[in-house]
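Read through the structure below, which is laid out as structure tokens, and then see the notes.
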Amino acid sequence: MNTLQDTPRANRIHIGLFGKRNSGKSSLINALTGQEAALVSEVAGTTTDPVYKPMEIHGLGPCVFIDTAGLDDEGDLGALRIRQTLKAMERTDIALLVCRDEQIGPEMEWAGQLKEKNIPTIWVLNQADKLEDPLATARAIEKKCGQVPLIASALNRQGMDDILRTLVHKLPDASMEKGIVGHLVNEGDTVLLVMPQDIQAPKGRLILPQVQTLRELLDRKCLVMSCTTDKLPQMLEALARPPKLIITDSQVFGTVYARKPETSRLTSFSVLFAQYKGDIDYYIQGARALSALTEKSRILIAEACTHAPLSEDIGRVKIPNMLRKRFGQGIQIDMVSGTDFPEDLTPYDLIIHCGACMFNRKYVLNRIEAARKQQVPMTNYGVTIACLQGILDKIDY
């Protein structure tokens, strides 16, 4: 039976805990969740790499707590741990900045970085059970940071309800409420999914964007049908009326566009995820850079997944082949996967990102913001293919 615990991590609110070593971040996670979700020790620096713990919290729904290394970690190894904590910040939707006294120099520096990334931040004065006058300490912290910290004690669970209520209040806005397809369909609409089951499709299963899109369409009470590309003509012939919307795999955009009924709207899973996880307007704008590419251009292709290369891989094979056919064999194409993403993007003329079904939206938006700041155009797989095939102005997003 499926439950909310089955919600993919990429679709959960990410709550990052930041603070000095032994400020009680791990204990705080355990107290908030009512589980031994994080390793706790009196030894400073017990948490090394960030630990991601999916949970189900009443009022918050499906979420992920991120337990990070101390901001004051030391030595070469400590510097590497802090670097990983910075990467965890890229995924954070809401931050808990945890301190244990009024000496908050490092916390103030990190608060500045969280503010730059537009991450809502809640200050928490933890370990109140060890303080002689927690209220006086809280007032001293407020004078420095401008925010009244929530007073908490993971040991006796003081303040946990206050933290959870504040987290609910700080939840990101309704930017994802329209979901994957909510802006394109209404209850009762007929929707056709064209899903080629090629080498990229896991045996016996559908890929994640297909599964999530199908589930949302069912939740929205749409009439959903599906077929492989070769069966599209028979499927359309079997229908009494043309489907209102056709959603296809981007790699067969051209084929499906040529065969679709005139009244049916068309989009792709990758394009839908471009608006669901990223900034579709920036991606559409970025696609214009394709017209300026030459054989001397340099492209970065970013893939969220870390699977081994396949002979028909869309990001590693098909899109590079399209680019080389259009702009010349000499065009330079670099590939990164997973969380690898260059800090310096300026050597590139264009970044082409996957649909990012494995990343949460905040992480994708941070990548987009990095590209924007460095004035590097960025688009995604589906938008790129539609543009190269001359149908970008004929699809819906």
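Worth pointing out:
- Measuring nothing but how far apart in sequence close Cα pairs (under 8 Å, 6+ apart) lie, relative to its length, the chain scores a relative contact order of 14 percent.
- Qualifying lysines (Cα of each under 22 Å from Cα of Lys260; at least 8 residues distant if same chain): Lys231, Lys244, Lys394
- Accessible surface of the chain, 1.4 Å probe, proportion on carbon and sulfur as whole %: 50 percent
- On Cα atoms only, tilt of 361-373 relative to the major axis of the chain in degrees: 80 degrees
- Cα→Cβ-extended label distance, 7 Å offset, between Glu343 and Asp133, nm: 4.3 nm
- Packing order of peptides 145-157, 239-251, 374-386, highest average first: 374-386, 239-251, 145-157 (average count of other Cβ atoms within 10 Å over each peptide's residues).
- Rounded to the nearest 10 degrees, the inclination of helix 134-145 to the longest alpha-carbon principal axis of the chain is 50 degrees.
- Amide H partners (placed H, <5 Å) of Arg265, local residues excluded: Leu245, Ile246
- The length gained by stretching the chain between Gln103 and Asp281 to full extension, at 0.36 nm per residue less their Cα-Cα distance, is 59.7 nm.
- Rounded to the nearest 10 degrees, the inclination of helix 160-169 to the longest alpha-carbon principal axis of the chain is 40 degrees.
- Shape of the range 265-369 from the C-alpha gyration tensor: rounded (a/c under 1.5, with a ≥ b ≥ c the square roots of its eigenvalues).
- Sites matching GluC sites (Glu not before Pro) across the range 183-289 that sit in DSSP coil, with at most 14 neighbouring C-beta atoms within 10 Å: Glu187, Glu262
- Partner lysines for Lys143 [C-alpha distance under 16 Å; skip if fewer than 8 residues away on the same chain]: none
- Tensor-based shape of the chain (alpha-carbon gyration tensor, a/c under 1.5 rounded, otherwise prolate or oblate): prolate
- The modelled label-to-label distance for the pair His183/Asn118, using points 7 Å beyond Cα in the direction of Cβ, is 1.5 nm.
- Solvent exposure of the range 236-286, expressed per residue, is 40 Å² of accessible area, with all protein chains present and a 1.4 angstrom probe.
- Taking 0.36 nm per residue of sequence separation and removing the Cα-Cα distance, the Asp162/Gln84 pair yields an extension gain of 25.2 nm.
- Measuring between alpha carbons in the structure, the pairs from Lys53/Lys170; Lys178/Lys318; Lys117/Lys277 lying more than 28 angstrom apart are Lys178/Lys318.
- The residues of the range 71-137 expose, per residue, 48 Å² of accessible area to a 1.4 Å probe.
- Separation of alpha-carbon centers, the range 327-397 and the range 211-260, rounded to whole Å: 26 Å
- For the range 309-391, the per residue solvent-accessible surface stands at 41 Å², with DNA, RNA and ligands left out and a 1.4 Å probe.
The values are calculated or read from the model by the stated rules, or taken from the named source; none is laboratory data. As the structure is a prediction and not an experimental result, all values here were calculated from the model. Note: ideal-geometry Cβ built from the backbone for every residue, glycine included; neighbour counts use all protein chains shown. Protein only, heavy atoms only, side chains kept; ligands, DNA and RNA dropped before computing areas. Shrake-Rupley method; radii C 1.70, N 1.55, O 1.52, S 1.80 Å.
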